[in-house]
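The values are calculated or read from the model by the stated rules, or taken from the named source; none is laboratory data. Being a predicted model, the structure only gives us computed values, none of them experimental. With ideal geometry, Cβ positions are generated from the backbone for all residues, glycine too; neighbour counts draw on all protein chains shown. Surface areas here come from the heavy atoms of the whole protein model, side chains and all, with no ligands, DNA or RNA. Shrake-Rupley method; radii C 1.70, N 1.55, O 1.52, S 1.80 Å.
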Amino acid sequence: MAPQHFPDEARFFRSPVLPDTEMLAARYFTHAFAPHWHEGYVVAVITAGAEGYRYRGASHVAGPGWLACINPGEVHTGQRAAEVGWAYRVFYPSAAAMRSLALDLGGCGLPRLPVEAVEDQPLARALTRAHRLLEEGGDPLEAQTEALGALSALLARHADLAPQPKPAGRDAGRVERMRERLAADLGEPLTLEDLAACVGLSAFHAARLFSREAGMAPHAWRNMLRVNRSLDLLRAGASVAEAAAACGFADQSHFTRHFRRAMGVTPGRWRG
């Protein structure tokens, strides 16, 4: 008999003791995350089953007690790598929050979390305990102490705390200018010709360069930026329809489809 698989269920939550961090507790079987990126970090602790994901051009698998970490702005996926699916607890700390922790540890700039999945059972237990305390909403002093201690241990044991040089070269500059053009007005209709004009390339070469350097096509990157920009609006109490319109989505269903593929829940569920 085939093993019973997990149902797809997910809950985002927040805690006042970690104002710059969102948390997710989820189990997935059918859901697969499309290529996407976040403006902050992802620190996922696998608690059951196994998650597979593509990151930095390679395939990775994380099982129970392993960590899957993603750095800001980097494209990745997520899908089951076990017959039952996978269950995990995820921290989404902002770049500012992780920079502050790194500074306390003697680092400078944004820390770089490891690309490979990390096997560290004691740290996984500490992160899981902190996550549960934040979810339960009990003693705030205990929850904050455990969470900051576990995230600091992650940085101290597994992160590169040295500043990372910005990519140099003509292509990197062109891609950055295209990103700026895509972000300038999220509601503005753009063509590849519009995008290519700002970097002096043909539409074909601009699209190929952007996709190679950014990890996804210009339209997909822009839709993910729209999703990321919608988060502050949803946190502030905007309705799903208001966030969709403000971030340049054609309609609410278009917004919901892209949001769920990247975040694992609908924007209404994420908003809470």
Here the stretch 127-139 yields Karplus 3J(HN,Hα) values (6.51, -1.76, 1.60; θ = phi - 60°; whole Hz; Gly and Pro given as x) of 5, 5, 4, 4, 4, 5, 4, 5, 5, 6, x, x, 4
Probe 1.4 Å, heavy atoms of protein chains only: per residue, the accessible area of the stretch 57-114 in Å² is 37
Among 39-46, 148-155, the order from most to least packed when residues are scored by Cβ within 10 Å on average: 39-46, 148-155
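What does the charge count near ALA117 come to, summing +1 for each Lys or Arg and -1 for each Asp or Glu among other residues with Cβ under 13 Å from its Cβ? Mind dumping the intermediate values first?
On the way: positive: ARG54, ARG56; negative: GLU51, GLU116, GLU119, ASP120.
Net of charged neighbours comes to -2.
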Formal net charge of residues neighbouring ALA183 (Cβ-Cβ distance under 10 Å; K, R +1; D, E -1): +3
If packing is taken as the average number of other Cβ atoms within 10 Å across a peptide's residues, how do 182-189, 221-228 rank, most packed first? 221-228, 182-189
For the chain, the percent of accessible surface on carbon and sulfur atoms (probe 1.4 angstrom, ligands and nucleic acids excluded) is 53
What list of ³J(HN,Hα) couplings, whole Hz, do you get for the stretch 191-207 from phi and the Karplus terms 6.51, -1.76, 1.60, once you set θ to phi - 60° and write x for glycine and proline? 10, 4, 5, 4, 5, 5, 4, 7, 10, x, 10, 6, 4, 4, 6, 5, 5
Whose amide H sits under 5 Å from the amide H of ALA48, counting only residues 5 or more places off or on another chain, with H placed in the peptide plane? ALA87
Quick one: which residues, 5+ away or cross-chain, put their amide H under 5 Å from the amide H of TYR55? H built at 1.01 Å from N. HIS60
For ASP120, enumerate residues with amide H under 5 Å from its amide H, sequence gap 5+ or separate chain, H modeled in the peptide plane. LEU67
Ordered by residue, what ³J(HN,Hα) values in Hz, to whole numbers, does the stretch 237-242 give under the Karplus form 6.51 cos²θ - 1.76 cosθ + 1.60, where θ = phi - 60° and Gly and Pro are x? x, 5, 6, 4, 5, 5
